[in-house]
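To start, the structure under review is shown below, and the notes come after it.
The values are calculated or read from the model by the stated rules, or taken from the named source; none is laboratory data. From a predicted model like this one, the values you see are computed outputs, not experimental measurements. Cβ atoms come from the backbone with ideal geometry, glycine included; neighbour counts cover every protein chain shown.
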Amino acid sequence: MDGNNEDTLPRILIADDEEGIRFAMRETLAEEGYEIEEASDGKEAVELFSPEKFDLIILDYRMPHLDGLEALKEIRRQDSEVPILFVTAYGSKDLAMEALREGAYDYFTKPFDVDEIRVVVRRAMEKRTLRRRVQILSRHMDASLGFDQIIGSTTEMREMFHLIQRIAGQDVTVLVLGESGTGKELVASAVHRHSKRRNKNFVAINCAAIPGELLESELFGHERGAFTGAHAQKMGKFEHANGGTMFLDEIGDMDAMLQAKMLRVLQDSEFQRVGGNKTVKVDVRIIAATNKDLSEEVAKGRFREDLFFRLNVIPLYIPPLRKRRADVPILIDHFVKQANQQYGKEVRGISKEVMEKFMEHPWPGNVRELENVITRAVILSHGEILGPSDLPIDFSDEEMVKSLNGGLDVRFDPISGNGSNGVHEESLLEEVGVALRDTAELISKIESGSSMQDAIEGEVQKLEKGVIITALERNRWRRGETATFLGVSRRNLLRKMQKLGIE
């Protein structure tokens with residue numbers, strides 16, 4: 001019988017070596033609608049106890065084999081939440097205080113008062129019920145926003161969560177598909193944690209991050225002397241994952257030789273270490289992932305068709321962030337809280353203007369890019385609300401920056417400052433500085449108390465205004481053609497014109 005089931009009576013375990021005391025307590029509490037089980041000493045109480053079996057424990061201190069205090073400590077090691085009431089002899093207040101320090105909910109003394117027991121037990125049960133309801137509500141709230149460690153509430157994400165739950169318990173190969181940064185490893189990990197292999201290892205390896213000649217050794221291990229530097233036998237990732245799950249990220253980048261060896265593992269659950277002749281048998285569930293279209297790779301002869309069919313038993317597709325924009329606000333809230341906890345900040349949220357920018361941004365780096373931007377903004381923030389000034393300099397007006405850089409699509413890693421084209425934030429500032437018409441005016445503003453970022457933004461706005469007016473004049477003030485000329489959307493051009501006061 002499970003004490004968590006609301007259709008059953010709450011269960012109480014009474015441990016006391018005096019049968020008369022147990023009888024009196026049992027009669028008193030049975031009248032209150034509780035189901036009672038008894039133990040004659042501390043050792044028996046510990047043996048009878050298991051998490052979620054009882055809703056409350058009553059322990060007498062003086063008992064043979066194991067006293068109440070030791071029994072309390074042992075039960076607390078198994079369950080940190082079940083309320084425990086401690087019974088002591090009259091005048092043993094110090095002992096009672098020690099029990100409270102060890103996690104007892106309350107105590108009473110012998111000879112006990114029947115009404116007092118009723119009140120204390122009722123109060124403890126109410127608190128237990130309240131805590132349980134909060135936990136259930138919290139789980140329901142979490143479930144409405146995601147699954148396991150994956151956050152999402154859109155129809156596409158809910159369908160994926162449902163599919164994970166359906167396939168996790170089935171020992172089949174899974175192929176996770178999605179762009180970089182969508183969370184493919186999180187999905188693979190969720191499948192593992194909800195499978196019958198959850199108590200075994202989950203081993204992940206990125207096939208694109210390791211050179212082909214080393215990847216084979218990483219996956220399958222090697223024998224001593226197999227190659228220069230192989231001074232001892234080494235177990236590979238597959239052996240470490242034996243009994244558990246092997247996650248092969250970016251498997252589309254695996255070379256042809258290794259694809260053939262991988263096919264044998266999938267077919268026969270066996271392989272040979274590099275430089276060895278002994279066949280190694282393993283019991284491993286394989287989950288693979290790729291951001292490539294493997295069917296297209298097969299058509300071009302870059303990926304084995306038979307391996308593709310072996311991997312593609314259950315495909316799981318993760319939509320990119322731009323196709324589930326409704327998830328952006330809840331992801332922001334999650335990453336702000338996460339960064340607050342990690343870096344000791346107290347940011348409460350983001351401004352309306354920043355939210356609008358985030359909802360329009362295409363997020364080419366997907367969830368990982370959003371997390372990096374939020375983390376950087378929280379670290380550098382000065383207030384409780386993240387505003388445009390807390391964002392990377394290129395982020396606030398991405399399309400305009402792109403046009404000012406001659407159409408070069410520069411994207412920054414918000415943490416390192418490195419761009420996808422090898423450009424650094426400092427380099428961009430230098431280029432903007434060269435383009436500024438009056439550097440002395442910029443320095444003057446900084447000397448008068450403006451921050452460097454505010455001063456630069458002011459000058460950039462002047463430059464933007466000049467560029468837009470010149471482009472409008474060149475295109476006879478036809479806004480659609482001007483937007484095309486600048487490489488921005490018409491909507492963004494109109495918004496920028498309004499912001500800069502261009503009529």
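Taking the listed residues Lys352, Lys357, the one that is surrounded by 14 or more Cβ atoms within 10 Å (Cβ to Cβ), among the charged types (D, E, K, R) and at pLDDT below 95 is Lys357, with no other qualifying. Looking only at the range 240-280, count every residue that is more than 17 Å from Phe308 (Cα to Cα) and under 31 Å from the mean Cα position of the chain (by Cα) and tell me the total. Final tally of qualifying residues: 6. State yes or no: is Ser195 of a type in the set (S, T, N, Q), part of a loop (DSSP other than H, G, I, E, B), within 29 Å of the chain's Cα centre (by Cα) and within 19 Å of Ile167 (Cα to Cα)? Taking the combined requirement at face value, the residue satisfies it. Which residues, taken from the range 194-242, are of a type outside the set (D, E, K, R) and in contact (Cβ under 8 Å) with a residue 60 or more places away in the chain? Hits for the range 194-242 are Ser195, Phe220. For residues in the range 299-332 being free of Cβ contacts under 8 Å to residues at least 60 places away in the same chain and buried (at least 17 other Cβ atoms within 10 Å of the Cβ), which is farthest from the chain's Cα centre (by Cα)? Here the answer is Arg304.
The set of residues from the range 238-257 being surrounded by fewer than 18 Cβ atoms within 10 Å (Cβ to Cβ) and among the hydrophobic types (A, V, I, L, M, F, W, C) comprises Ala256, Met257. Among the residues of the range 219-236, write down those that are in a helix (DSSP H, G or I) and either of a type in the set (Phe, Trp, Tyr) or surrounded by fewer than 17 Cβ atoms within 10 Å (Cβ to Cβ) (or both). Residue satisfying the conditions is Phe220 alone.
Does Ile150 count as more than 27 Å from the chain's Cα centre (by Cα) and modelled with pLDDT of 80 or more? So Ile150 does not fit the description; no. A search for C-beta distances below 7 Å between a residue of the range 17-29 that is more than 22 Å from Leu66 (Cα to Cα) and any residue that is not in a helix (DSSP H, G or I), counting only pairs 6+ apart in sequence or on different chains, returns Leu29/Ile12; Leu29/Ile36. Reported count of residues in the range 158-189, each being assigned to a loop (DSSP other than H, G, I, E, B) and closer than 20 Å to Ile251 by Cβ, is 9. Being surrounded by fewer than 18 Cβ atoms within 10 Å (Cβ to Cβ), modelled with pLDDT of 90 or more and among the acidic types (Asp, Glu) holds for only one residue in Asp171, Asp115, and it is Asp171.
Using the structure shown, decide if Ser92 is closer than 20 Å to Pro10 by Cβ and small (Gly, Ala, Ser). No; evaluated as a whole, the condition is false for this residue. Taking the range 113-134 as the range and being in contact (Cβ under 8 Å) with a residue 40 or more places away in the chain and either not hydrophobic (A, V, I, L, M, F, W, C) or not in a helix (DSSP H, G or I) (or both) as the test, the residues that pass are Arg118, Arg122, Lys127, Arg128, Arg131, Arg132.
Okay, residues lined up against (1) more than 42 Å from the chain's Cα centre (by Cα); (2) buried (at least 22 other Cβ atoms within 10 Å of the Cβ):
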| site | (1), (2) |
| --- | --- |
| Leu59 | no, yes |
| Arg62 | yes, no |
| Glu70 | no, no |
| Glu74 | no, no |
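Restricting the range 472-489 to residues that are within 37 Å of the chain's Cα centre (by Cα) and not hydrophobic (A, V, I, L, M, F, W, C), the residue that is nearest to Lys357 (Cα to Cα) is Ser489.
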